[in-house]
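The structure appears right after this line, and notes come after that.
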Amino acid sequence: MSALDKFWPLQSDVNHCIRTEAETTEEAVLLAVHEPGRLHRRESNGHDEGEKEEADLLKALMTSTDDTGSSVIVAITGPSGFGKSHLIRWLHAQLLRHPRRRDLVVVLIPKTASLRQVVERILEPLEGEEYDKLRSALTQSIDRMSVEDAAQHLATAL
């Protein structure tokens, strides 16, 4: 045991001070400690575009699709602990500060969200009669189905 060992914090003290989950970190802290990383980009058709920067990902998300009517969908994959949640939080912060943010509906969904919560979060910021109908249909479909019926329906669908 060295003389410094008695000053070294216990693991429980470290866990108390340092949040390891990106979802629980304050945005200001997340942005302060953020280090730009390199991403590997592959198109949905399998074409490998090699390494890109985070700014390239943000640019791809902000690419206008008005002329084609399509949407931009990006899958962010990688092993556990690779920084996917951190990257998502960074993108969220950038999108909220983007000059075109008025054109965006940005919904941050925690990884612990159920399918119902995902749909509710997506519908939450949307206004209009058609979205009100969807919210109502979601509530009615969930209220009408028991847990047993839902499990049987899922098993049948599989």
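The values are calculated or read from the model by the stated rules, or taken from the named source; none is laboratory data. Treat the numbers as computed from the prediction; the structure is a model and nothing was measured. Ideal geometry is used to build each Cβ from the backbone, glycine not excepted, and the neighbour counts take in all protein chains shown. Side chains are part of the model used for accessible areas, which takes the heavy atoms of the whole protein and leaves out ligands, DNA and RNA. Shrake-Rupley method; radii C 1.70, N 1.55, O 1.52, S 1.80 Å.
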Viscosity 1.306 mPa s, temperature 10 °C: Stokes-Einstein D of the stretch 73-158 from its Kirkwood Cα radius, in µm² per second? 100 µm²/s
For labels at Ala155 and Arg100 in the simple 7 Å Cα→Cβ model, what's the distance in nm? 4.8 nm
I'd like the accessible area for Thr112, computed on protein heavy atoms only with a 1.4 Å probe and all protein chains in place. Round to 10 Å², please. 120 Å²
Ranking request for peptides 117-124, 82-89, 102-109: highest mean number of other beta-carbon atoms within 10 Å first, then the rest in descending order. 82-89, 117-124, 102-109
Candidate lysines - alpha carbon under 23 Å from Lys59, same-chain residues fewer than 8 apart omitted: Lys84
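Full-extension gain between Lys59 and Lys133, please, as 0.36 nm times their residue separation minus the C-alpha to C-alpha distance. Please list the in-between numbers first.
Details: separation 74, 0.36 × 74 = 26.64 nm, distance 3.37 nm.
Extra length available between Lys59 and Lys133 comes to 23.3 nm.
Say R0 is 30 Å: what FRET efficiency, to the nearest 0.05, do Glu35 and Arg121 get from their beta-carbon distance?
On the way: r = 29 Å, r/R0 = 0.96.
E(calc), rounded to 0.05, equals 0.55.
Which length gain, in nm to one decimal place, applies between Asp13 and Ile88 when the Cα-Cα distance is subtracted from 0.36 nm times their residue separation?
Details: separation 75, 0.36 × 75 = 27.00 nm, distance 2.75 nm.
Using 0.36 nm per residue and subtracting the Cα-Cα distance, I get 24.3 nm.
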